[in-house]
Amino acid sequence: EDQSDKARTVMQRLERRHEPIKTVSTRRLSLSILKNIDETQEAQDSERRFSLEEDLAPEEQRELSERSRRLRKKIREATLAGIREKKKHVDRMHRKRRFREGCWKALPHSERFAIEAVFKLHCNACNALSPSATLDALRDIGLRGRTMVERNCVEKAVNTLVRDLLRVEEEGMLGAWGSAPEGEPQIWWRSAREISALPAAHLASSKVPPRAQSGRLAARASIFPVSRGSVGSMPLMGFKPGGPSSARSSKSNDHDSTSAKDLAKALEKATPRPTGIPLEAFGAEVMPCARWELFEQRTEPHFRLFVQEMETSRNPSGISYDQFQHMISEMGLDKAKGPLPPAIKGGSQKIGPETCMDLEMVHIRLLQLEERAAREAAAREWAIAKLANVNDQLFRQYRHELLWIYDMFNSHDEEHCGSLGEFEVRRLMKYMGLEPYFRHYSPEIEKLIKEVDANRDDEIELTEFLSLVGHVRKLMMKLRKSRVSRCFLKADLDATECLAYDQIVAALAQDGLLRTRGEYAIAHKLLDEEFDLSFVLRAAARSEGDSPGPPSPRNSRPGPSPTRRRQRALLMEDPGSVDLNGFSIVYQRVWERLAAIKGERVLQAAKALNFSMLELSDIQAAFDHFDSDQDGLLIAGEIIEALEPLLPRLPDEQQLRKALPAVENPDDEDDETIAVIDIFEFMRLLRTLTGGNGLVHINKAFSLANDVPFEKQQELLQVWPISESYIQSLDASELIEMLSNFLGVKAEQNLRELSYPVSSFRKLRELALRQAERAQQHTRF
């Protein structure tokens, strides 16, 4: 403090006695120099000499002048060095903007339209993409990556690029305009000319004296000229345009009302630092960066495909057009339609039937086709979310498997009405690996189905089914916790409480989940391509429950244990490691996919044996209910118990012995045989015993009296031309009696046994509409 006071006194006397320092920035830099560099002794000597009388000797005056000249020269050199450093950042920002403008204008119109549509989905209130939103936008544009390695490489490269873009913008802005005072708006990625056209900017400028506007702006305008050819050449940093010149420029450069409204909103929601990148930066810099990463990562798999086709090619320098079409047909890339994205290099190469395609041409065209297919898949995900009214939270949670769940949902929606009944939901859950029929799970799952049915119509829509899947998964993971923990501890040989990526599949096979080489390969493919391993790692990190940093006074819990510290360090060093919670998630997902593959085989076998989907639900429910050890097999006693609710009359012992396959039990010392069958053999057994006849339905009945509440009965009666006041005046007994007469059924009758089975309120309403229309036609004729 003493040195700063002395330096300030010296500068005041220098300004009074010698040439004044004109600019404010030079004054600030001179003070900082006197504070930071080692000039304490010189400042003390100057203060001592200035404190003497004014009538000094000529020698002393000359010495004082020489010292002052050297000090002013040093200040001037430091000031110019600071100005050159700031100008370097400003010039770099302008070069970046000019480059982005040229690249953006060079893109085709269809490509710009697609990028703008994706940008609007993920931009924030300041019309910019944050680093995380940039990765989401890359997924929608088809450049996020297909495998785990590709996703990690793209994420690392894009995050580095986005940080550099934000740093260049911030340094350039601070060099051009300086930091805005607290409370002033700061607009990034925008030019002063754009802001001056805003009504909000004129309104702000009218509240500021003209002298306050021009002082800071004029001081830097001569040093940092605005480049008119750049995109958003100068953002506004505490700049409030005003006066006749700014009014003339705003009149000559008016923007349309839409852009003005967007800029006005951005002006109101200003931030002290840039919150993301603009549209041009995303389309002209981020997307090419992601394309180059995918270009490098997919070179090897494309090379292997090219070599396979070259083995049958007659041309030693490449493959034919027909061979290329066969290649993309096997990869499933011929189904996507629409314009191709821009090629990463080589321009637009026309490929025809006579074209001989070398490796580079095949590689570039495959990249374009894969990007187009990824865009179509992302567009389908958004379309499904919009069609089913899936909220944003559920969409982000299930997006990586939304297409798989939606296809499974539609395959069990026999009426194509967009919803599933209770039996269809249970059958779908079974063939997704969620096990709704087992004795231990069935009561809890039935309770969850009733909870997610918000409108109480006895049908589950896609949004409700996604919520149901989340609840059931948590239940399954909770019930399997001990089994998964034993499997995890066996595989965790180094006791770090983490498993590396290459240990996950081996641990699943050691537990017995993967029994064949085919299932082993499927698990590898699921972890590498289908599942998002970063989601598993993020979930594992969140499950630690230890807040980073020192504990606060409100949180007096002790710090993490040494084992927890090793686990956290391993997670940071090895991104392919998962903890117990992450391994439980992977275990559940792999279980579900393997169950879905087996479920598809069961569906095909049921169709081959002429079983309906309702009968298949009954068969699967009986099989799982009496499978006590949940191993997918029934022994002799369990077979009899499972057949009893399905058949009108049980077969005798002789008929059952002829129909049952006998399998030797190696553990039996008496060499006796015991019947053990799986679900496929159980269906064949039922078809043999029934002889083509139907089965007895074991599902519970659906009736007016027991399953339709009073409010729903009133709603059904409004289908007929009856006044609402009269319906409200009826009591429960009168209402159900009138409704039964109009529907032509009894109150206690099982509506599932009708020619048109009714198992939900929607189907009951359709029955009421048909009956009302039939009554109107009878009255008309």
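The values are calculated or read from the model by the stated rules, or taken from the named source; none is laboratory data. Quantities reported herein were computed from a predicted structural model and do not represent experimental measurements. No Cβ is skipped: glycine too gets one built from the backbone with ideal geometry, and neighbour counts run over all protein chains shown. For the accessible areas, the whole protein counts, side chains as well, though only heavy atoms, and no ligand, DNA or RNA atoms are used. Shrake-Rupley method; radii C 1.70, N 1.55, O 1.52, S 1.80 Å.
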### Query
Rounded, prolate or oblate: which fits region 384-440, taking a ≥ b ≥ c as square roots of the Cα gyration tensor eigenvalues, rounded meaning a/c under 1.5, else prolate when a/b beats b/c?
oblate
### Message
At 1.4 Å probe size, what's the solvent-accessible area of Asp458? Round to the nearest 10 Å².
### Response
60
### Query
In what sequence, largest accessible area first, do Phe306, Phe742 appear using a 1.4 Å probe?
Phe742, Phe306
## Note on the structure
Whole-percent carbon and sulfur contribution to the accessible surface of region 455-530 (1.4 Å, no ligands, DNA or RNA) stands at 52
### Query
If one computes the Cα centroid of region 699-758 and of region 302-346, what distance in Å separates the two points?
62
## Note on the structure
Note to self: with every protein chain in place and a 1.4 Å probe, region 280-437 gives an accessible area per residue in Å² of 49
### Message
With θ taken as phi - 60° and the coefficients 6.51, -1.76 and 1.60, list the Karplus ³J(HN,Hα) couplings across region 121-133 in order, rounded to whole Hz; mark glycine and proline as x.
### Response
6, 10, 6, 8, 5, 8, 6, 9, 9, 6, x, 5, 5
### Inter-site label distance for Ala495 and Ala732 at 7 Å from Cα along Cβ, in nm
6.4
### Task
Calculate what fraction, in whole %, of the accessible area of region 367-417 sits on carbon and sulfur atoms when a 1.4 Å probe is rolled over the protein chains.
53
### Query
By its C-alpha gyration tensor, with a ≥ b ≥ c as the square roots of the eigenvalues, how is region 118-180 shaped: rounded for a/c under 1.5, else prolate for a/b larger than b/c, else oblate?
oblate
### Task
Anything over 32 Å Cα to Cα? Flag those among Lys337/Lys525; Lys120/Lys598; Lys337/Lys450, in the order listed.
Lys120/Lys598; Lys337/Lys450
### Message
Expected output is a single nm value to one decimal: the length gained when fully extending between Ala772 and Arg304, i.e. 0.36 nm times separation in residues minus the C-alpha distance. What is it?
### Response
161.9 nm
### Task
Please report how far the C-alpha centroid of region 452-509 lies from that of region 368-400, rounded to the nearest whole angstrom.
23
### Message
Could you compute how much accessible surface Phe99 exposes when probed at 1.4 Å, giving the result in Å² to the nearest 10?
### Response
110
### Task
Among the GluC sites (Glu not before Pro) in region 291-379, which ones are in a DSSP loop with at most 11 other Cβ atoms within 10 Å of the Cβ? Mind listing them?
Glu311, Glu354
